[in-house]
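Let me begin by presenting the structure, written as structure tokens, before commenting on it.
The values are calculated or read from the model by the stated rules, or taken from the named source; none is laboratory data. Small disclaimer: the values here were computed from a predicted structure and weren't measured. Positions of Cβ are backbone-derived with ideal geometry, glycine not excepted, and every protein chain shown enters the neighbour counts.
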Amino acid sequence: MISQVILFAIRIVGTVILARLLSPNDYGLVGMVTVVIVFAEIFKDAGLSLATVQKEEITHEQISTLFWINVLFSAILGLCVPAGAPLIAWFYGKPELTSVTVALSFSFITVA
């Protein structure tokens, strides 16, 4: 519970800092792409972390396999989101969202 509170606080502070650094237009662009990124993150671990926590006994081999599956899903999302960047830009009618989407999609690979 404490880690969730700390994570929430870090996200709030990060959002405040980002809002102060970016112009309102740029902050809006990041917000548009963040919706897509957060939605895609729902599928990142595919419920494997919950299954791992609920299992009474788990072997090192199973943990290793789950880790590599998570890395694979992250890499796939890290490739699919930038590939869909033109669609996101088209949906919102903002061509500049293509580069913002590609930049923010690196979070799937770096935070696997």
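Numbers at a glance
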item: Region 8-52: number of residues that are more than 30 Å from LEU66 (Cα to Cα) and either hydroxyl-bearing (Ser, Thr, Tyr) or surrounded by 12 or more Cβ atoms within 10 Å (Cβ to Cβ) (or both); result: 12
item: Hits in region 68-112 - residues which are among the aromatic types (Phe, Trp, Tyr) and over 13 Å from the mean Cα position of the chain (by Cα); result: TRP68, TRP90, PHE91, TYR92
item: GLY47 at positive phi and modelled with pLDDT of 90 or more; result: no
item: Residue satisfying condition, being polar (S, T, N, Q) and either touching an Asp or Glu at 6+ places or on another chain (Cβ under 9 Å) or at pLDDT below 80 (or both), within set SER74, SER64, SER105, SER99; result: SER74
item: Listing of helices (runs of 4 or more DSSP H) fully contained in region 18-105 that carry 2 or more residues being in contact (Cβ under 8 Å) with a residue 40 or more places away in the chain and of a type outside the set (Lys, Arg); result: 24-41, 60-83, 85-92, 97-104
